[in-house]
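J.: Take a look at the following structure, please.
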Amino acid sequence: MPPSISPIGPGVGPAWQLLALALRDQLPIEEIDGIWVFRPIRNDTRDWGTAIISRVSGDRRRIYTARFIHTVKGKKRGAFDWHLDEVGTGPVEALEELLALVPVRADEDDLPIAVNRNLWFPPLEEEELAGTSLA
């Protein structure tokens, strides 16, 4: 059976939430200034997804690809695996050039779609901030 594109919207759904949670532990969220996602592709019992992450650290911009495999059917339903790769770094102004370094998916008609950063990494609520205070 050939792979199909799953009907879940850009950057929304359980697998994207799991990926965002994993990224919170790996990257300084406050430095992330851009997220783009490809629609997940369903192949048999698993969804495969790819996101492009832009991070500004000081005077450098870093570009990452974050990928996941989420099992949606069968005995291993709910299994989730992900991987983060840094694919480019350069001056902050070099966003377009760095994005061009990101490997292209086989389906070149399926371009990545920008996702609002707050969708994945909502600002902390005042109660949460108060609980982390050193005072």
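J.: Going through region 41-62 one residue at a time, which ones are of a type in the set (Lys, Arg) and modelled with pLDDT of 90 or more?
T.: Of everything in region 41-62, those that are of a type in the set (Lys, Arg) and modelled with pLDDT of 90 or more turn out to be 46, 55, 60, 61, 62.
J.: While we're looking at this one, here's another question. Against the condition at positive phi, modelled with pLDDT under 95 and either crowded, with 18+ Cβ neighbours inside 10 Å or not charged (D, E, K, R) (or both), how does residue 9 come out, does it pass?
T.: The answer is no for residue 9.
J.: Across region 38-65, what is the number of residues that are within 20 Å of residue 94 (Cα to Cα) and in a strand (DSSP E or B)?
T.: Initially, region 38-65 is screened for residues within 20 Å of residue 94 (Cα to Cα), giving 51-65.
Okay, now just the ones that are also in a strand (DSSP E or B), so 51-57, 60-65.
Going through region 38-65 one residue at a time, the tally reaches 13.
J.: Further question: So which residues in region 46-78 are polar (S, T, N, Q) and either within 14 Å of residue 102 (Cβ to Cβ) or buried (at least 17 other Cβ atoms within 10 Å of the Cβ) (or both), if there are any at all?
T.: First, the residues of region 46-78 that are polar (S, T, N, Q): 50, 54, 57, 65, 71.
Scanning region 46-78 gives 50, 54, 65, 71.
J.: Let me ask something else about it. Is it true that residue 35 is part of a strand (DSSP E or B) and surrounded by 17 or more Cβ atoms within 10 Å (Cβ to Cβ)?
T.: yes
For (1) within 20 Å of residue 114 (Cβ to Cβ); (2) of a type in the set (Lys, Arg); (3) assigned to a strand (DSSP E or B); (4) out of contact with any Ser or Thr (no Cβ under 8 Å at 6 or more places or on another chain), each residue gets a yes or a no:
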residue: 12; (1), (2), (3), (4): yes, no, no, yes
residue: 15; (1), (2), (3), (4): yes, no, no, yes
residue: 22; (1), (2), (3), (4): no, no, no, yes
residue: 74; (1), (2), (3), (4): no, no, no, no
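The values are calculated or read from the model by the stated rules, or taken from the named source; none is laboratory data. Small disclaimer: the values here were computed from a predicted structure and weren't measured. Note that we place each Cβ from the backbone using ideal geometry, even for glycine, and neighbour counts take in every protein chain shown.
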